[in-house]
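The structure appears below as structure tokens.
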Amino acid sequence: MKSIAAVLTLIVVLTPVACQRHVGQVTLQMDWHRGDPHYGPNFIWLSAPCQSASAENCQCRTSFLGSANFVDYVSSFQDRKIPVTYDLYDVQGHAGAKLVNVGNWRADQFHNNDGLLATEITSVPSVLGKPQIVHLESPGDCFPMSLKKAVGAKQRWVTLKPQ
């Protein structure tokens with residue numbers, strides 16, 4: 001019997017607007033993987049479990065198409081996790097995250113699209129053909145509940161339907 005997995009990834013882009021309020025700063029300890037079939041060997045994937053999601057199998061993910069120097073820096077961590085720091089903002093009741101640094105590499109050393117934080121949920125339905133409903137806040141679920149509550153994060157309900 002073949003199981004069907006649904007993967008949902010939400011990326012929230014934080015744009016500077018007057019209605020955002022800085023809530024705090026969080027450092028995520030992230031696992032890393034190098035390489036991508038499309039982008040090549042200098043592509044870096046970072047991931048960490050969600051800290052305040054109610055959905056199982058929730059991961060926070062970001063990626064970088066880095067220079068050889070950045071890839072060497074990340075590789076120097078070997079099996080250790082990489083500290084990735086984000087500023088957390090309240091943007092009209094939704095959590096927004098802006099990259100501050102990856103280890104000792106500052107956000108301004110990366111391309112604008114590098115470091116965008118996404119929430120990914122992988123779900124395998126228990127009954128084939130039956131949709132599952134999950135609620136999430138992307139990227140709010142990546143952060144501790146105390147900061148998420150400071151934002152007053154609004155959850156989004158998402159239905160995962162097997163194909």
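Read-outs: derived from the displayed coordinates by stated rules, not from any lab. This one's a predicted model, so the numbers in the text were calculated from it and none came from an experiment. No Cβ is skipped: glycine too gets one built from the backbone with ideal geometry, and neighbour counts run over all protein chains shown.
Computed quantities for the displayed model
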item	result
HN-Hα J in Hz across segment 104-111 - Karplus 6.51, -1.76, 1.60, θ = phi - 60°, x for Gly and Pro	9, 8, 6, 4, 6, 8, 10, 5
Other-chain or far-sequence residues with amide H under 5 Å of Val100's (modelled H)	Thr85, Tyr86, Asp87
Per-q log10 I(q)/I(0), segment 46-89, q = 0.19, 0.28 Å⁻¹ (Debye; single scatterer per alpha-carbon; no solvent)	-0.76, -1.13
Pairwise label distance in nanometres, Gln25 with Asn69, each label 7 Å out on the Cα-Cβ vector	2.2
Cα-derived Rg to Rh of segment 21-68, Kirkwood definition	1.08
